[in-house]
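See below for the structure under consideration.
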Amino acid sequence: MIERPVRTLAVFPYYADNPWQETVHQGLVDRGDRVVGLADVSDVGSVRAQLGGFLPDSLHLGWSTPVTQTVPDVVESMRRVRVFLETVRELRRLGVRVVWTVHNVLSHELHHVVPEIALHQGLADEVDVVHVMNPRTAEVVRPLYSLPPASTRVLPHPSYPGVDVGGVADESPSSGRTPVRLLLVGEIRPYKGIVPFAQLVHAARSEGVDVTLEIRGRVGGGLAVSDLVSELSDLDGVSFVPGRVAEADLAPVLSGADALVVPYAAGLNSGVAVLAASAGRPLLVGPALRGSWSLEPTWQLPLWPARAGDETADHHGHEVSPRSGVAALRGAVARVGDEGPALRRAAREAARLTAPETLAHEYAELFLPTV
């Protein structure tokens with residue numbers, strides 16, 4: 001029997017502490033292929049040098065920030081885009097398969113808009129496969145750039161292995177555990193709307209909503225820990241623990257929450273949403289994600305309407321105005337309290353449907369097809 005040769009997937013950018021990358025590439029590792037992170041894709045020679053003189057069989061491209069947003073000058077940013085796209089073209093001419101995952105419409109904390117759009121459109125035009133996790137991606141990005149239907153592949157964000165923290169199935173916060181405990185976890189960046197949401201929790205508590213908010217995560221995107229501490233310290237019911245949540249601490253942090261929150265002011269995909277499902281916790285969703293993905297109503301609850309004039313109803317059937325954040329939060333908190341067990345079961349079922357072992361083969365074939 002002839003053994004299948006080991007093949008190589010190169011990854012750029014590569015973040016050693018990013019669980020998404022580890023999860024989507026695990027199927028390749030399990031079948032004996034190599035996954036190698038690249039620090040630079042500025043030219044073919046650099047790629048060869050990082051791989052010991054060889055080229056990879058496939059290249060997986062992800063976030064655009066390292067190409068477009070890490071230089072102060074827009075002219076230099078555009079030059080980097082041109083060089084990057086030419087390297088991609090040359091790699092493809094040399095037989096390297098290139099897959100690009102669309103993580104965001106554009107980079108967060110965007111400084112250089114024109115180069116960013118040019119890179120996204122250039123990759124859409126050049127790569128072998130455009131991978132999207134949100135089925136609405138092509139529609140959402142269309143005002144800025146277009147994705148080719150023939151080469152676009154929808155493959156969902158896998159749930160995270162080993163995160164389900166359990167919980168008493170028939171227990172809910174309203175059956176004796178109060179207040180309802182919300183958790184906002186992940187890197188703390190401006191686009192996520194964390195401070196305004198914390199202020200909303202403070203206002204809701206002043207009107208009798210029995211809710212607390214814990215904020216945990218590494219501070220990034222130009223924010224300063226000291227400024228956040230100053231802004232959050234006087235808010236009733238809000239606690240802030242800066243710093244990345246270590247893997248060993250993740251389960252106890254999640255187990256202390258009744259629901260997770262993504263009050264983002266912008267976004268296309270959310271790893272926190274998948275984390276919530278993996279942990280068996282409902283998710284409270286802010287207006288940005290409501291505008292770019294379809295809510296799974298069995299376990300995802302709207303915090304407030306996505307657009308002016310768009311109204312929704314709380315669980316009692318009362319209309320919630322777009323301007324009435326406290327009323328909307330009150331309704332979402334009440335549902336977490338009243339429907340906790342059902343919401344948790346639905347979250348776990350969503351995670352089961354996208355389990356890493358279920359998607360491992362599909363992701364491996366996306367990056368390194370066997371035929």
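The values are calculated or read from the model by the stated rules, or taken from the named source; none is laboratory data. Note that the structure is predicted; figures quoted are calculated from it, not measured. FYI the Cβ positions are ideal-geometry reconstructions off the backbone, even for glycines, and counts take in every protein chain you see. Just the protein is used for accessible areas: all its heavy atoms, side chains included, with ligands, DNA and RNA removed. Shrake-Rupley method; radii C 1.70, N 1.55, O 1.52, S 1.80 Å.
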- Total charge of the residues flanking PRO282 in space, meaning their Cβ is under 9 Å from its Cβ, with Lys and Arg +1 and Asp and Glu -1, is +1
- Heavy-atom accessible area per residue, region 64-222, 1.4 Å probe: how many Å²? 43
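Run the helix sum for the chain: -39,500 (n - 2.57) per DSSP H stretch of 4+ residues, divided by residue count, reported at 222 nm to the nearest 500 deg cm²/dmol.
Details: 13 runs with 148 residues, N = 371.
The helix-only estimate for the chain comes to -12000 deg cm²/dmol at 222 nm.
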- Heavy atoms only, probe 1.4 Å: what % of the accessible area of region 63-209 goes to carbon and sulfur, would you let me know? 55
- Protection-proxy order for peptides 275-284, 42-51, 204-213, each taking the mean of Cβ atoms within 10 Å per residue, highest first: 275-284, 204-213, 42-51
- Query: Among 157-165, 26-34, how do they line up from the highest to the lowest mean number of other beta-carbon atoms within 10 Å?
  - Reply: 157-165, 26-34
- Please name which of HIS202, VAL336, PRO302 has its Cα lying farthest along the dipole of the chain towards the positive end, using unit charges on Cβ (Lys, Arg +1; Asp, Glu -1) and the Cα centre as origin. PRO302
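Using Cα pairs closer than 8 Å and at least 6 residues apart in sequence, work out the relative contact order for the chain, in percent.
Taking the mean separation of contacting Cα pairs over the length of the chain, I get 17 percent.
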- How big is the gap, in Å, between the Cα center of region 21-56 and the Cα center of region 327-371? 29
